[in-house]
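This report refers to the structure that appears directly beneath it.
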Amino acid sequence: MIVPRRSEKTAAGGLSLVWPDGHVTVLEPKPLRLACRCAHCEDEWTGERRITAAAIPDDIVLLEVRPVGRYGYQLTWSDGHNTGIYTFERLRELCLCDACRAKGHP
């Protein structure tokens, strides 16, 4: 399991993470909010998305980051959503930098 060495909200309202290998992941707020996998946002049996990008305000920002055990964060958003837990593994997979995309990350 990978655990970030440091994490912080960005000026744009997203999340920045520094990983043990020194890699930096910067996640923009709207795509990060859309990536929530809680039961409200994604059907837990079928994986069908219950929320669309259109349902998320363009000006959404991350308000709070709370650790959940040693495996992830619970994020609180300006639209009031706060039920999703983003595992550290999932946050690393969401990195869209050139190096991560070359390794086959989304």
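Brief remarks follow.
- For the pair region 46-106 and region 3-40, the centres of their Cα atoms are 7 angstrom apart.
- Per-atom-type breakdown for the chain gives carbon and sulfur 53% of the accessible area (1.4 Å probe, protein chains only).
- The fraction of all Cα pairs in the chain landing in successive 5 Å bins from 0 to the largest distance is 2, 12, 22, 26, 21, 12, 4, 0, given as whole percents.
- Residue ranking by accessible heavy-atom surface, 1.4 Å probe, largest first, among ARG90, ARG66 comes out as ARG66, ARG90.
- Selected from GLY13, THR83, VAL68, residue furthest toward positive end of dipole (the chain; charges at beta carbon): VAL68
- Accessible area in the full protein assembly, largest first, 1.4 Å probe, for LYS9, LYS103: LYS103, LYS9
- Those Cys residues of the chain for which no other cysteine Cβ falls under 4.7 Å: CYS38, CYS97
The values are calculated or read from the model by the stated rules, or taken from the named source; none is laboratory data. Everything numeric here is computed off the predicted structure, so don't read it as measured data. Positions of Cβ are generated from backbone atoms using ideal geometry, with glycine treated the same way; all protein chains shown enter the neighbour counts. All accessible areas refer to the heavy atoms of the entire protein, side chains included, with ligands and DNA or RNA removed. Shrake-Rupley method; radii C 1.70, N 1.55, O 1.52, S 1.80 Å.
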